[in-house]
Amino acid sequence: MTILGIGLDLVTISEFAEQLERSGTTMLRESFTAGERRYCQSKGTDPARSFAARWAAKEAVLKAWASSRFARRPQIGDNPYPLIEVVNDAWGRPSIKLHGLAAEFLPRARVHLSLTHDGDTAAAMVVLEDPGELADLIEGRETAG
């Protein structure tokens, strides 16, 4: 097992809510999957808290991925946010599901996620782990086999 990268992101919920409420914004549609939008909008009177935490998670994944590619471009495209989806299991525990280019570039990586809210802040911590030879491939080292 190898840690490929770590990422941490903090979001001010009230500022994020203001951004979502701006006239003409396409942020929800362009940055969040349909499943994320359904989940957050089902969270009662303050869906911005859930959206902010998911935004922090997406940013933390990007930071972890970028740190795994030290001195090289992340190679994820112009709008990576819908490629990184926060999903919840039957008990409400969040995890990351990668789509498209993100899934192609990180085929076997495990993404460990922790989300939190406190007051007007949402935060996410991500650890990107290679359970096998992925780190060798990313670094350009030869693998046995």
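The values are calculated or read from the model by the stated rules, or taken from the named source; none is laboratory data. As the structure is a computational prediction, the values presented were derived from the model and not from experiment. Please note: Cβ atoms are built from the backbone with ideal geometry, for glycine as well, and neighbour counts cover all protein chains shown. What goes into the accessible areas is simple: the full protein's heavy atoms, side chains included, and nothing from ligands, DNA or RNA. Shrake-Rupley method; radii C 1.70, N 1.55, O 1.52, S 1.80 Å.
Per residue, the accessible area of region 73-124 comes to 60 Å², computed with a 1.4 Å probe over protein heavy atoms only. In terms of accessible area, using a 1.4 Å probe and ignoring ligands and nucleic acids, ASP118, ASP130, ASP78, ASP46 rank largest first as ASP78, ASP118, ASP46, ASP130. Spatially, region 7-23 and region 89-126 are offset by 18 Å when compared through their Cα centroids. Whole-Hz Karplus values for region 107-123 come out as x, 10, 5, 9, 10, 8, 10, 10, 10, 8, 10, 8, x, 9, 10, 10, 9 Hz, taken residue by residue from phi with 6.51 cos²θ - 1.76 cosθ + 1.60 and θ = phi - 60°; glycine and proline positions read x. Loop-resident trypsin sites (Lys or Arg not before Pro) (DSSP state other than H, G, I, E or B) in region 6-110 with no more than 13 further Cβ atoms inside 10 Å of their Cβ: ARG22, LYS43, ARG72, ARG108. Amide hydrogen proximity for THR121: with H placed 1.01 Å from N in the peptide plane, the residues at 5 or more positions away or on another chain lying under 5 Å are ILE13.
The listed residues MET27, MET1 rank as MET1, MET27 when sorted by accessible area, largest first, using a 1.4 Å probe. Over the chain, dividing the summed -39,500 (n - 2.57) contributions of all DSSP H runs of at least 4 residues by the number of residues returns a 222 nm mean residue ellipticity of -11000 deg cm²/dmol. In the full protein context, region 1-52 carries 61 Å² of accessible surface per residue, based on a 1.4 Å probe and ignoring ligands, DNA and RNA.
Working note: Karplus 6.51/-1.76/1.60 with θ = phi - 60° gives region 93-104 the couplings 6, x, 8, 10, 10, 9, 10, x, 4, 4, 5, 5 Hz, where Gly and Pro are set to x. Counting protein heavy atoms only, region 36-117 has 51 percent of its accessible area on carbon and sulfur, 1.4 angstrom probe. Taking max minus min of the alpha-carbon positions on each principal axis, the chain gives extents of 54, 33, 24 Å, largest first.
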